[in-house]
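Peer 1: Below: one structure in C-alpha cells.
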Amino acid sequence: MKLLIINGPNLNMLGIREKNIYGTGTYADLVEFISSVCEKEGIECEFYQSNHEGDIVDRIQEAYERVDGIVINPAAYTHTSVAIPDAIKAVSIPTVEVHLSDINSREEFRKHSFVSPVALATICGEGFEGYRKAILLLKDHKN
Ligand code: CA2
C-alpha cells in the first residue's frame with residue numbers, strides 16, 4: 001500500500017512560531033513521525049509540502065492511479081480552495097483530511113472546510129497523532 005502525504009502552506013514553519021496552537025514539533029519531526037508509523041504498518045509513503053495551491057493540485061493529479069490513499073492537511077487552503085477538493089474528486093483517491101489544531105474551536109473563518117465534503121474523514125485537534133489516525137483509517141479502508 002502506498003500513501004501520499006500532503007501538507008499545505010506554512011506547515012514547513014512548524015515548531016518555529018505559534019507553538020501554543022500547532023505544538024513544538026517541526027516539519028522534519030512530522031515527516032519522521034509519519035515515516036515511523038508507515039514503516040510499522042508496512043505502508044510506503046511519499047511526502048509533499050507546498051505553499052502553492054496549483055502545485056498541490058498538480059501533485060494530486062500526478063498521484064492518479066499511483067497511490068492508494070492521500071492524507072492531506074490543506075492548511076489555509078482548507079478554507080478557501082475549490083481547486084483542491086475538485087482535484088481530489090477528479091482522481092477518486094480515498095483521502096483523509098487532517099488538522100493539527102481544532103479548527104472548530106478557533107476563528108469563525110476556520111470552521112468551514114471546502115475539503116471535508118470530498119474526504120473520507122476529517123480529523124482535527126489531535127496534533128501529530130491525527131496523521132496516525134488518518135493512515136490507519138486509510139489502511140482499514142483498503143482492507
Ligand atoms: O490546524 C491545522 O493543521 C491547520 O490546517 C493549520 C493552518 C491553518 O490555516 C488551518 O486553519 C488549520 C496553518 C498552518 C500554519 O502553520 C504555522 C506554523 C508555524 C508558524 C505559523 C504558522
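The values are calculated or read from the model by the stated rules, or taken from the named source; none is laboratory data. Small disclaimer: the values here were computed from a predicted structure and weren't measured. Please note: Cβ atoms are built from the backbone with ideal geometry, for glycine as well, and neighbour counts cover all protein chains shown. When the accessible area is computed, the model is the full protein with side chains, heavy atoms only, and any ligands, DNA or RNA have been set aside. Shrake-Rupley method; radii C 1.70, N 1.55, O 1.52, S 1.80 Å.
Peer 1: Which condition from (1) open to solvent by 30 Å² or more (accessible area, probe 1.4 Å); (2) within 15 Å of the ligand (Cβ to nearest atom); (3) among the small types (Gly, Ala, Ser) is the one that Ser81 breaks?
Peer 2: Unmet condition: (1).
Peer 1: Turning to a different aspect of this structure: Just give me the residues in segment 1-20 being open to solvent by less than 60 Å² (accessible area, probe 1.4 Å) and not in a loop (DSSP other than H, G, I, E, B), in sequence order.
Peer 2: Residues satisfying the conditions are Lys2, Leu3, Leu4, Ile5, Ile6, Asn7, Leu11.
Peer 1: Got at least one residue in segment 84-102 being in a strand (DSSP E or B), open to solvent by 40 Å² or more (accessible area, probe 1.4 Å) and at pLDDT 95 or above?
Peer 2: Restricting attention to segment 84-102, the residues satisfying the condition of being in a strand (DSSP E or B) are 95-99.
With the extra rule that they be open to solvent by 40 Å² or more (accessible area, probe 1.4 Å), the set shrinks to none.
No: zero hits.
Peer 1: Six or more apart or on different chains, Cβ atoms under 8 Å: show the pairs whose first residue is in segment 107-118 and open to solvent by 90 Å² or more (accessible area, probe 1.4 Å) and whose second is within 12 Å of the ligand (Cβ to nearest atom) and not acidic (Asp, Glu).
Peer 2: Pairs found: Phe109/His79; His112/His79.
Peer 1: For Arg59, are the conditions met, namely being away from the ligand (no atom under 16 Å from the Cβ), over 24 Å from Asp29 (Cβ atoms), touching a strand residue (DSSP E or B) at 6+ places or on another chain (Cβ under 9 Å) and basic (Lys, Arg)?
Peer 2: On the way: away from the ligand (no atom under 16 Å from the Cβ): yes; over 24 Å from Asp29 (Cβ atoms): no; touching a strand residue (DSSP E or B) at 6+ places or on another chain (Cβ under 9 Å): yes; basic (Lys, Arg): yes.
The answer is no for Arg59.
Peer 1: If a residue has to be assigned to a helix (DSSP H, G or I) and near the ligand (Cβ under 9 Å from one of its atoms) to count, how many in segment 103-143 make the cut?
Peer 2: So the answer is 4.
Peer 1: Any idea which of (1) of a type outside the set (Phe, Trp, Tyr); (2) within 9 Å of the ligand (Cβ to nearest atom); (3) touching a helix residue (DSSP H, G or I) at 6+ places or on another chain (Cβ under 6 Å) is the one Ile16 doesn't satisfy?
Peer 2: (3)
Peer 1: Moving on. Given the structure, is Ile34 in contact (Cβ under 8 Å) with a residue 40 or more places away in the chain, away from the ligand (no atom under 13 Å from the Cβ), closer than 14 Å to Gly127 by Cα and of a type in the set (Val, Ile, Thr)?
Peer 2: yes
Peer 1: Take Asp29 and tell me if it is surrounded by fewer than 19 Cβ atoms within 10 Å (Cβ to Cβ), in contact (Cβ under 8 Å) with a residue 24 or more places away in the chain, more than 11 Å from the ligand (Cβ to nearest atom) and more than 26 Å from His141 (Cα to Cα).
Peer 2: So Asp29 passes the test.
Peer 1: So, one more: Just for segment 35-77: of the residues that are assigned to a helix (DSSP H, G or I) and touching a Lys or Arg at 6+ places or on another chain (Cβ under 8 Å), which one is least open to solvent (accessible area, probe 1.4 Å)?
Peer 2: So, considering only residues that are assigned to a helix (DSSP H, G or I) and touching a Lys or Arg at 6+ places or on another chain (Cβ under 8 Å), the one least open to solvent (accessible area, probe 1.4 Å) is Val37.
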